[in-house]
Amino acid sequence: MILVTGGAGFIGGNFVLDWLKEPKAEGIVNLDKLTYAGNLATLDLVRNDPRHVFVLGDIGDHALVTRLLKQHQPRAIVNFAAESHVDRSIHGPAEFVQTNIVGTFNLLECARAYWNELDESKKTVFRFHHVSTDEVYGSLSANDPAFTEANPYEPNSPYSASKAASDHLVRAWFHTYGFPVLTTNCSNNYGPYHFPEKLIPLVILNALNSKPLPIYGNGQQVRDWLYVGDHCSAIREVLAKGKLGETYNIGGWNEKANIDVVKTICSILDQLKPRADGKSYAKQISFVTDRPGHDRRYAIDANKVKRDLGWKPKETFDSGIKKTVQWYLDNPIWIEGVVSGSYRDWLQKQYR
Ligand code: NAD
Ligand code: TYD
């Protein structure tokens, strides 16, 4: 068994589905609190798979995590559970501190107590894999080199600050207690099952629903996009072969300005599902007030993981974004399920 946390969210859900596609894969205990971002419909394909055990609960619940570890004896933990949306962290940072920092602390402490009691052979193979973000490194100017693992941490939003804090805890548990950790810092993901509060799914759904496509500021902010399946394969690679205590930057070598991402989505939709009036979806683009403290540019130098572990992404941005748009066209039932009352409340609050 492995224990996955946050496995009903976007990346965790994709990771669980990918992992269990392999017929001989070990089972997964999936601990998720099912916040607004967690969605059991994402896990429909493994609903009847006996290798998947879903547990509703909080990574900050000491008794629950201790019991799960004792009961299932996982040989690894992969920690995806987090509050993950920068805009929400600006409106309400408390949950970010609670889950991302205090929750990770609790998970580390429960896992360390469990690991201490393992016999030597199990102790040697055990891994705690912490899934983190490139946003901990702060913001780049247009001509700065991409983030390497040696960049100093300079988080700018409550979200990135809370993730940075959790990374520091993970690092300290390795250095102080010899606890076997791995950390990956990944760039912006996109792909199936992405909650439509983030740029790419929001734009796809707003376009199809004849709504404005909101672009913060001038749309020149740059993100380095990685298809979620590639992130999952990188995590599997690092979990299997990563050096203990190391961090690995994961990225897609796909730097794009937001405005170009939105225009690309519009032109794919123009081909796959043309508007009734024959005009381009780009007509719906609307520039809105910028995000406070909006980071200018993120870019990942993913040479270390390539050099040391042989990982590189399979998808280009062109191939990945086409698959993604097609997925949203093909999955109206999943979309209906997530576009709930609380989602509509969020849109009202953010874009009023
Ligand atoms: P998400 O918001 O889609 O999913 C988070 C999941 O964690 C949800 O299922 C939620 O219910 C669960 N969760 C939240 N609080 C919890 C708690 N206290 N206990 C148990 N479960 C809890 O996030 P995501 O985009 O899938 O991101 C997963 C991880 O990857 C996060 O740690 C994030 O920081 C990191 N990351 C995300 C991106 C990205 O582009 N989305 C990029 C790099 C790193
Ligand atoms: P997002 O998907 O929220 O990811 P992150 O902030 O973690 O990078 O946003 C990606 C980029 O798109 C970011 O620069 C903010 C911008 N953005 C918009 O322009 N409009 C929007 O409605 C959203 C949600 C994001």
Q: Quickly run through the stretch 118-139 and pick out the residues that are outside any loop (DSSP other than H, G, I, E, B) and either exposed (fewer than 13 other Cβ atoms within 10 Å of the Cβ) or more than 16 Å from ligand 2 (Cβ to nearest atom) (or both).
A: Glu120, Ser121, Lys122, Lys123, Thr124, Val125, Arg127, Phe128, His129, His130
Q) If we scan the stretch 293-311, do we find a residue that is in contact with a strand residue (DSSP E or B) (Cβ under 7 Å, 6 or more places away or on another chain) and more than 27 Å from Ile235 (Cα to Cα)? A) yes
**Q.** Among the candidates Arg275, Arg291, Arg296, Arg307, residue that is among the basic types (Lys, Arg), within 16 Å of ligand 1 (Cβ to nearest atom) and out of contact with any His (no Cβ under 6 Å at 6 or more places or on another chain)
**A.** Arg291
Q) For the stretch 30-47, which residues satisfy the criterion of being assigned to a helix (DSSP H, G or I) and either more than 10 Å from Gly9 (Cβ to Cβ) or free of Cβ contacts under 8 Å to residues at least 24 places away in the same chain (or both)? A) Leu40, Ala41, Leu43, Asp44, Leu45, Val46
Q: Go through the stretch 65-97 residue by residue and tally those that are hydrophobic (A, V, I, L, M, F, W, C), surrounded by fewer than 23 Cβ atoms within 10 Å (Cβ to Cβ) and outside any helix (DSSP H, G or I).
A: 1
**Q.** Test: residue in the stretch 178-196 that is open to solvent by 10 Å² or more (accessible area, probe 1.4 Å), touching a Gly at 6+ places or on another chain (Cβ under 7 Å) and either in a helix (DSSP H, G or I) or without any contact (Cβ under 8 Å) to a residue 24 or more places away in the chain (or both)
**A.** no
(Q) Restricting to the stretch 310-352, name every residue that is of a type in the set (Val, Ile, Thr) and in contact with a Leu (Cβ under 9 Å, 6 or more places away or on another chain). (A) Val325, Ile335, Val339
(Q) Quick check on the stretch 140-156: of everything there that is of a type in the set (Ser, Thr, Tyr) and over 23 Å from Asn106 (Cβ atoms), which residue is surrounded by the most Cβ atoms within 10 Å (Cβ to Cβ)? (A) Thr148
Q. Among (1) part of a loop (DSSP other than H, G, I, E, B); (2) out of contact with any Gly (no Cβ under 6 Å at 6 or more places or on another chain); (3) more than 16 Å from ligand 1 (Cβ to nearest atom), which single condition is Glu154 missing?
A. (2)
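Here is a yes/no grid of residues against (1) of a type in the set (A, V, I, L, M, F, W, C); (2) open to solvent by 70 Å² or more (accessible area, probe 1.4 Å):
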| position | (1), (2) |
| --- | --- |
| Lys241 | no, yes |
| Asn258 | no, no |
| Cys266 | yes, no |
| Ala276 | yes, yes |
| Lys279 | no, yes |
| Arg297 | no, no |
| Asp308 | no, yes |
| Phe317 | yes, no |
Q: From the list Ala234, Ala207, pick out the single residue that is open to solvent by less than 10 Å² (accessible area, probe 1.4 Å), in contact with a Phe, Trp or Tyr (Cβ under 6 Å, 6 or more places away or on another chain), under 30 Å from Arg75 (Cα atoms) and assigned to a helix (DSSP H, G or I).
A: Ala234
Q) Which one of these is without any contact (Cβ under 8 Å) to a residue 24 or more places away in the chain and in contact with a strand residue (DSSP E or B) (Cβ under 9 Å, 6 or more places away or on another chain): Leu226, Leu239, Leu213, Leu202? A) Leu202
Q: Can you run down the residue pairs with Cβ atoms below 6 Å, 6 or more apart or on separate chains, where the first is in the stretch 62-78 and touching a residue at least 12 places away in the same chain (Cβ under 8 Å) and the partner is assigned to a loop (DSSP other than H, G, I, E, B) and open to solvent by 20 Å² or more (accessible area, probe 1.4 Å)?
A: His72/Met1; Pro74/Met1
Q: Would you mind stating whether Arg352 is among the basic types (Lys, Arg), modelled with pLDDT under 95 and on the phi < 0 side of the Ramachandran plot?
A: yes
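The values are calculated or read from the model by the stated rules, or taken from the named source; none is laboratory data. In this text, all values refer to a predicted model and were calculated from it rather than measured experimentally. Methodologically, a virtual Cβ is constructed for each residue, glycine included, from the backbone with ideal geometry; neighbour enumeration extends over all protein chains shown. Note: accessible area is taken over every heavy atom of the protein model, side chains too, but ligands, DNA and RNA are not part of it. Shrake-Rupley method; radii C 1.70, N 1.55, O 1.52, S 1.80 Å.
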